[in-house]
Each structure stands twice: as C-alpha cells, then as structure tokens.
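The values are calculated or read from the model by the stated rules, or taken from the named source; none is laboratory data. The structure presented is a predicted model; accordingly, all values stated were derived computationally and were not measured. Note that each Cβ is placed from the backbone with ideal geometry, even for glycine, and that neighbours are counted across all protein chains shown. We work out accessible area using only protein heavy atoms, side chains counted, and drop any ligands, DNA or RNA first. Shrake-Rupley method; radii C 1.70, N 1.55, O 1.52, S 1.80 Å.
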Amino acid sequence: MNNKHDAISRRDVFRLGLTASATLGLASLAHAQDAEPQPQADPATQGAGFYRFNLGELEIAVIADGTFQAPAATFAANQTEETAAAEARKHFADPEAMTCHVNGLIVRSTDTVTLIDTGCGANFGPTLGKTPDNLTRFGIRPEDVSTVVFTHLHIDHCGGVVGEHDASLYPNAEFVTTQAERDFWTQNPDLSKTGIPANTRDYLINIAQQAATNTADRTRIIQPGKEIVPGITSVDLPGHTPGHIGVMLDSRGETLFFVTDAIHNAKIQMANPTWHVAFDTDPVQAAKMRQRALDRAAVEKLMIAGSHLPFPAVGHVRPLGGGYEWEPVAWAWN
Ligand SMILES: [Zn+2]
C-alpha cells in the first residue's frame, strides 16, 4: 500500500468520524491544557520515595533519602578485595559500585510527629538529600515535625540540618541525641580505626559538629535504652559510633526494631555479619553489636527496618549458616 495515500485516508476517516460533542470535548481539553501545565515526571527520582504502613496506632513511613555507591571492600574491611568482590558477584552486584540506600523513618501518633534521621541534605551529592521532598509527598510538612531523633551524627543521618537547610528547616522540633554521641564528635573524635580516608574524615567531623551546633539550643539528651517519646524507645547499639542508637517502636503489641547502621549492606553482611565496615568507629565492637542486634531480631522474630537496608527496608531475618537471611516484606499498595 502507498504510505502517503494510507496516511491521508486515515486522517480523513478520523476527521469525518468526529462528532460535534467530541470536537467540543477536545477543544475544552486543549483549553484546560493551556491553563494548567502538564505534570512532568522528575527525571532525577523514582516513584514516590516513601513506604507507608501502620503499627498499632502509629502511622509509619520509611522515607528514602536516596542512594550512593561504594565498592564491596567497604563492607568487608577485614577481608581481601577478592573475597569482597566474589561476595558481591554472588549477589549479581558490581563489586566496584554497590548501590547503598539511605533511609529515615517518620512516625506519626495522635500527639507527636517523630522524624528518625534527616538524611544527607545537600552535603553528599545530588543522588541524596531527598528526605524533605519525600516527607512532603507523604503529607508531612517540616514544621509538623515535633521531634527529630539523630541515631548518630554521621553525614547521612544529620546532614539534613547542615548547609542550605539548617535546623530552621524543622522550626518546631526538638532534636534528640545521646551524650556519648555528642561528646564524641565535639571533642576531637578519633576515627583512626575506620577505613575512611583522611580528607573525608575532616569533612565528616565538620558536618557532625555543624549539626551539633545548629541544633544545640533545641537539643534533648537521652539515655540509651530509654523512651524518647511514647511508643518510641532507644536501643543502645555502640560500635558504629560511640553513641549510636537503634529505635524500638511499640504500639498495641506490635513492634518494629529500627536497627539503624547495625547493618550497611544486606547482600554482603547478612551472610557475613562478622565482616568489618569501613565506616565503623570501632569495627570489632560494631561487629559484635551487629550480631547482637540481628540475633535479637531473629530470636524474637521482630520486624526490622534499617537505614541502609534496600528500600523499603522493612522485613525479617532468620539465622542461616553462620549469618542471617534477609526476608523483605512484600510491597503493599494499601
Ligand atoms: Zn549511615
């Protein structure tokens, strides 16, 4: 068939087939499109960036801050590079560039709105710092937040109050941290046991100190293991940093254990919890803490969430071999 003829005849059929009302409808649609810009997909993001669920009377969402990439050796600091690379490949990951998620948690009760960790802000590259946008998408304005919990003062947990957005981003919030964590970063921190390069160490220290300074007049120090707000209790998990805490959420008999940075890479560390992580301030203490946290989750069959588990970062663990197996929840749309 002649393509040109075919095109013309189809156009003619289309024109002749239009009824008066359809023409009117199209005209008003065109007018509406003139009036309102077409929604544009954000080319820099993926989906909505939050994962909502209920825990008793608490409404919870995991809030994605974004992702970064790190070599497998970062999560196997006391292993050879070959061993680390082999473990990554076993899980179909690129040993040079494993994708690492950064997640926070928002918890809404009838009286409180608690944000657990603020993400990186603009301090760790353009693939991160999405916490404020994803909070808005979830339906929480920064001014609605009544408590911000810093699980520790690493850049990916406190950077959201440093830089363009300082503590004024959360104008009505108190900021909660532990004494050990605040003291560590503000009193000549020793990062010599970490695998963090020297120039990056200074940057990390600087961000932690700015976060401490920016929030000083609204800081509440809590004891590890003590309640933060009703239904939210801290869990002492030292080693990753000296004052590193997890968070236990409890409502009407339902429990969620936010293990924070007890684990950084599910592909590598679930099976190998004794392997060291370059970010850990005390890698030996951190490995023990990781096993203790995951063991508790396995024995008590607790639902867990994690700062660096793959989004939506909610699931269970069970013992397997000398380590654990990660069983993520099935994504629920409602
Ligand atoms: Zn972290």
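Listed by first and then second residue, the pairs with beta-carbon distance under 7 Å, at least 6 apart or on different chains, first residue in segment 107-127 and closer than 19 Å to HIS152 by Cα and touching a residue at least 40 places away in the same chain (Cβ under 8 Å), second surrounded by 24 or more Cβ atoms within 10 Å (Cβ to Cβ) and among the polar types (S, T, N, Q), are VAL107/THR114; ILE116/THR151; ASP117/THR151; ASP117/SER307; THR118/THR131; GLY119/THR131. The number of residues in segment 269-292 that are out of contact with any strand residue (DSSP E or B) (no Cβ under 9 Å at 6 or more places or on another chain), in a loop (DSSP other than H, G, I, E, B) and more than 16 Å from the ligand (Cβ to nearest atom) comes to 1.
Mind checking which residues of segment 293-310 are crowded, with 16+ Cβ neighbours inside 10 Å and not in a loop (DSSP other than H, G, I, E, B)? Within segment 293-310, ALA293, LEU294, ARG296, ALA297, ALA298, MET303, ILE304, ALA305 meet the criteria.
Conditions tested, residue by residue: (1) over 18 Å from THR114 (Cα atoms); (2) touching a residue at least 40 places away in the same chain (Cβ under 8 Å); (3) not assigned by TED's automatic domain parsing to the domain that holds GLU164.
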residue: ASN199; (1), (2), (3): yes, no, no
residue: ASP202; (1), (2), (3): yes, no, no
residue: ILE205; (1), (2), (3): yes, no, no
residue: GLN210; (1), (2), (3): yes, yes, no
residue: ARG220; (1), (2), (3): no, yes, no
residue: GLN223; (1), (2), (3): no, yes, no
residue: THR233; (1), (2), (3): no, no, no
residue: ASP236; (1), (2), (3): yes, no, no
residue: GLY239; (1), (2), (3): yes, yes, no
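When ALA86, ALA61, ALA48, ALA73 are checked against the criterion of being more than 16 Å from the ligand (Cβ to nearest atom), in contact with a helix residue (DSSP H, G or I) (Cβ under 8 Å, 6 or more places away or on another chain) and assigned to a helix (DSSP H, G or I), ALA73 stands alone in meeting it. Checking ASP295, ASP236, ASP261, ASP282 one by one, the residue that is touching a Ser or Thr at 6+ places or on another chain (Cβ under 7 Å) and charged (D, E, K, R) is ASP261 and no other. A residue that is in the same structural domain as PRO71 (by TED's automatic domain parsing), open to solvent by 10 Å² or more (accessible area, probe 1.4 Å) and within 15 Å of the ligand (Cβ to nearest atom) can be found somewhere in segment 311-319.
Condition check ((1) at pLDDT 95 or above; (2) open to solvent by 10 Å² or more (accessible area, probe 1.4 Å); (3) under 18 Å from VAL148 (Cβ atoms); (4) within 16 Å of the ligand (Cβ to nearest atom)) across all residues:
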| site | (1), (2), (3), (4) |
| --- | --- |
| THR215 | yes, no, yes, no |
| THR219 | yes, yes, yes, no |
| ILE232 | yes, no, yes, no |
| ASP236 | yes, yes, no, no |
| HIS244 | yes, no, yes, yes |
| VAL247 | yes, no, yes, yes |
| SER251 | yes, yes, no, no |
| PHE258 | yes, no, yes, yes |
| ASP261 | yes, no, yes, yes |
